[in-house]
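Nothing in this text is a laboratory measurement; each read-out follows from the coordinates by a stated rule. Predicted model, so just to flag it, every value in this text is computed and none were measured. Positions of Cβ are backbone-derived with ideal geometry, glycine not excepted, and every protein chain shown enters the neighbour counts.
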Amino acid sequence: MGVSTQTARARITQSTNSRITNLSLTLANTEYSHALSSNLKRVIIRVRGLANIKLAFIVSESGTKFFTIPAATCFTLWDLDFTAKFLYVQSDAASQVLEILEFY
């Protein structure tokens, strides 16, 4: 396995509130949910381990209709006018922690 070097740049615009959540994904291929903050403007998601994450916005679709967040990758959504109230996620490996950083 090769070594990956990545540089992340962030510019956080004016935000009055933020929230960090560490969501435990105990079992592989099992759907977990996370309630999003009201008035969400930006969200950054990454897994601490080396697992891929399946992301959906509709319950029970994280195993069938999902967006894959590859291992060792940050996924960012910004300039949101979100109607979704929850994230639904699965990991392809057990015992993972999903880090979720929200700005609202």
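5 Å is the cut-off here: which amide hydrogens, built 1.01 Å from N in the peptide plane, fall below it relative to residue 94, excluding neighbours closer than 5 in sequence?
28
Counting pairwise Cα distances across the range 18-103, what percent come out greater than 14 angstrom?
So the portion of pairs separated by more than 14 Å is 59 percent.
Take residue 38 and residue 81, extend 7 Å from each Cα along the Cα→Cβ direction, and tell me the distance between the two endpoints in nm.
For the pair residue 38/residue 81, the computed spacing is 2.0 nm.
Given 55, 28, 77, which one lies farthest toward the positive end of the charge dipole of the range 18-103, if we put +1 on the Cβ of every Lys and Arg and -1 on the Cβ of every Asp and Glu?
Of the candidates, 77 comes out farthest on the positive side.
HN-Hα J couplings of the range 31-39 from phi, Karplus 6.51/-1.76/1.60, θ = phi - 60°, integer Hz, Gly and Pro as x?
My calculation for the range 31-39 gives 6, 10, 10, 9, 6, 7, 5, 5, 6 Hz in order.
Which residues among the range 26-43 fall inside the zone where the amide N is under 17 Å from a point 7 Å beyond the Cα of residue 18, along Cα→Cβ?
37-38, 40-43
Give a residue-ordered list of calculated ³J(HN,Hα) values for the range 44-57 (Karplus: 6.51 cos²θ - 1.76 cosθ + 1.60, θ = phi - 60°; whole Hz; x for Gly, Pro).
Working through the residues one at a time gives 10, 10, 7, 9, 6, x, 10, 9, 8, 10, 9, 10, 9, 10 Hz.
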